[in-house]
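The values are calculated or read from the model by the stated rules, or taken from the named source; none is laboratory data. Predicted, not measured: the structure shown is a model, and the values here were computed from it. Here the Cβ positions follow ideal geometry from the backbone for every residue, glycine too, while neighbour counts run over all protein chains shown. SASA here: full protein model, heavy atoms, side chains in, ligands and nucleic acids out. Shrake-Rupley method; radii C 1.70, N 1.55, O 1.52, S 1.80 Å.
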Amino acid sequence: MSRPKKKVYIKTFGCQMNVADSEQMAQVLAPDFVPTDEPAEADLYLVNTCAIRKKSEQKVRSLLGSLKALKRRRPHLILGVGGCVAQQEGERLLAAIPHLDLVFGTHGIYRLPELVRRASQERQLDVDLSAGFPETPPRRWPSGAAQTLVTIMQGCDNYCSFCVVPYVRGREHSRPPAEIVAEVQNFLAAGGKEVTLLGQNVNSYGRGLDEPVTFPQLLQRLAELPGLARLRFATSHPKDLSDELIGLFTELKPLCEHLHLPVQSGSNRILSAMNRSYTREHYLAKIEKLRHTSPGISLSTDIIVGFPGETEADFQDTLHLVKKVSFHQAYCFKYSPRPQTRAADLPDQLPEEVKAERLARLLDLQNDLTLAAHRRLVGQIREVLVEGESKRSKEELSGRLRTNQVVNFSGPQELVGELVHVEITEANPHSLKARWAAEPSARSRRPVVGGTPRRLSC
Ligand code: SF4
């Protein structure tokens, strides 16, 4: 008789890349551990960390401190920390947190089973970035999974002056295209519908591969796979966004009409200090091409306010750019100095109050733009991929449009994982309300955007 498996709880901080990494952790541990949502019953507790901002790092340290009590109640519990903070802090974490058993870096995921076995005997540290990435083991998906994240590359060679990623995730490394295509095929064979390709800068995918394949070519290969209804990708660097890639938004039916294109600042002086390798004019020209090619495309971005030396005039440039582009969504943050990065040593670091006040003004503007974009959708019939219960109410389902907005509506549970049409009925600041198009008033109208067949412009 086989032994019952132990339980692993994984707490994930940060971005989609970390969510994908946590999934990989669960997969490589699957022969010995089953995932649990209940930390109090875990035999292995892993914290997958993010070092992009000081605040997320502080949250990790505070969580680790609070886990001392759990470790006391469950002495056999193995407590491990992975991801970017683990990579950055390494031995210092072990020294600072006596109840920690394991620290593994961003390249240590596939060595986890062995590390966990050894950690039950003595404390383990694995932050080696030099070994590169082994071939990714085959993945499995829970039955009914409609969406998945597929990591196509790791690391980054861009060295933006504020960013810790090149130091904690290493140099850029692309996965072979055949491995990616096989993974997506397996997902589709299991009934999947939507794939999001992940990398720090997917536009530069392919550099250094034995088989020379560009990112647009990879998208073309994937878009041809039968059964793929939706294809997304993140994140893009504006300097590498080619006309060829922009053209694919109208050529490839599964490619969703949404692009996340981080601008970071609207001031050329600050963009140069950030080492972003483009100007606001270059960025705006890309936006114009995108909107010309794919008029219905929705655009989201990342913005940092209060970078060292940012003046009120620089900040006004950012506000003007945000208004001009009219982003559907923007992830806005106060600059936070990160260890090893060049910007951390720049003079003219701004006081917290100035950063906070600018962030508040930017958020006010963006909230208005998001709500206005949501209001323009009211009355339209759109395709939604139903993801599950709404966060707000168990009575409602929640999903996303191809253009990436969250939509909540009433409908039967059987719709989870399905592509359905809804009529947008109400615009809220962070989401939309809709009526399921199986209801007569919505069914009688022709789809405006999305769906099968369709093509307009995630
Ligand atoms: S492109 Fe810049 S911001 Fe993005 S991961 Fe690379 S260094 Fe960081």
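Assorted remarks:
- Any hit, the range 244-267, residues being part of a strand (DSSP E or B), of a type in the set (A, V, I, L, M, F, W, C) and within 16 Å of the ligand (Cβ to nearest atom): yes
- Within the range 107-217, helices (runs of 4 or more DSSP H) holding 3 or more residues that are modelled with pLDDT of 95 or more and away from the ligand (no atom under 16 Å from the Cβ): 112-119, 177-189
- The set of residues in the range 48-89 being surrounded by fewer than 17 Cβ atoms within 10 Å (Cβ to Cβ) and closer than 14 Å to L125 by Cα is empty.
- Taking residues in the range 152-169 that are of a type in the set (V, I, T), and partners anywhere that are near the ligand (Cβ under 7 Å from one of its atoms) and open to solvent by 10 Å² or more (accessible area, probe 1.4 Å), the pairs with Cβ atoms closer than 8 Å and at least 6 places apart or on different chains are V165/C156; V165/Q200.
- Unique match (being of a type in the set (K, R) and closer than 28 Å to Y335 by Cβ) among R175, R169: R169
- The criterion of being exposed (fewer than 14 other Cβ atoms within 10 Å of the Cβ) and not aromatic (F, W, Y) does not hold for G14.
- If you go through the range 95-119 and keep only what is over 22 Å from D21 (Cα atoms) and open to solvent by less than 70 Å² (accessible area, probe 1.4 Å), you end up with A96, I97, H99.
- Residue within the range 269-289 that is touching a Cys at 6+ places or on another chain (Cβ under 7 Å), modelled with pLDDT of 95 or more and outside any loop (DSSP other than H, G, I, E, B) present: no
Every residue, every condition in (1) open to solvent by 10 Å² or more (accessible area, probe 1.4 Å); (2) of a type in the set (A, V, I, L, M), yes or no:
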residue	(1), (2)
E357	yes, no
L362	no, yes
N367	yes, no
R375	yes, no
V378	yes, yes
I381	no, yes
V386	no, yes
E389	yes, no
S398	yes, no
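- Members of the range 305-331 that are open to solvent by less than 20 Å² (accessible area, probe 1.4 Å) and assigned to a strand (DSSP E or B): V305, A330
- Lone unmet requirement of (1) within 16 Å of the ligand (Cβ to nearest atom); (2) open to solvent by less than 10 Å² (accessible area, probe 1.4 Å); (3) within 29 Å of A145 (Cβ to Cβ) for Y283: (3)
- Number of residues in the range 218-233 that are open to solvent by 10 Å² or more (accessible area, probe 1.4 Å) and either basic (K, R) or away from the ligand (no atom under 16 Å from the Cβ) (or both): the value is 10.
- Being under 25 Å from R232 (Cα atoms), of a type in the set (G, A, S) and surrounded by fewer than 21 Cβ atoms within 10 Å (Cβ to Cβ) holds for only one residue in A30, A26, A40, and it is A26.
- Meets criteria (under 23 Å from L401 (Cα atoms), within 16 Å of the ligand (Cβ to nearest atom) and polar (S, T, N, Q)) for S236: yes
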